[in-house]
Amino acid sequence: MILYANEIVHQNIRWKNVIRLTNNSWVLIDFKEATPIGRGNQSIPILNIVASEYRGMKSDLCRTVGDIWMIGNLLNDLKILQIQLSARARNFWDGLIQQNHDERPSAADAIDEDWFSDM
């Protein structure tokens with residue numbers, strides 16, 4: 001959320017750009033694809049997503065929810081798919097990867113998701 005508060009999107013969220021620290025927190029690295037969010041003529045920030053994971057979606061215009069989709073897409077990893085997810089976890093994941101970017105949660109909404117408090 002620090003990125004979005006500063007109107008920056010990562011645009012390249014994939015496992016090779018995520019590290020786990022010794023205190024078990026997770027950190028994004030490799031910001032060469034990061035870019036300021038453009039405002040254009042709209043009050044809602046938009047940008048063109050360039051990461052390959054986003055190509056083929058219905059629209060290449062989106063807001064910070066493009067990064068949210070990429071986080072959801074991380075769960076498509078074969079190692080993660082072997083884990084049995086609860087129904088609430090599956091619903092949360094489904095929300096992250098909605099085709100319609102207007103239906104995806106914001107980063108703040110995702111962090112406030114009740115599913116996290118059940119972990």
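The values are calculated or read from the model by the stated rules, or taken from the named source; none is laboratory data. Predicted model only: the values in this text are computed from it and were never measured.
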Residue 119 meets each of (1) at pLDDT 80 or above; (2) farther than 25 Å from residue 9 by Cα with one exception, condition (1)
Go through the stretch 49-97 and give me each residue that's modelled with pLDDT of 65 or more, assigned to a helix (DSSP H, G or I) and among the small types (Gly, Ala, Ser).
-> 66, 72, 87, 89, 95
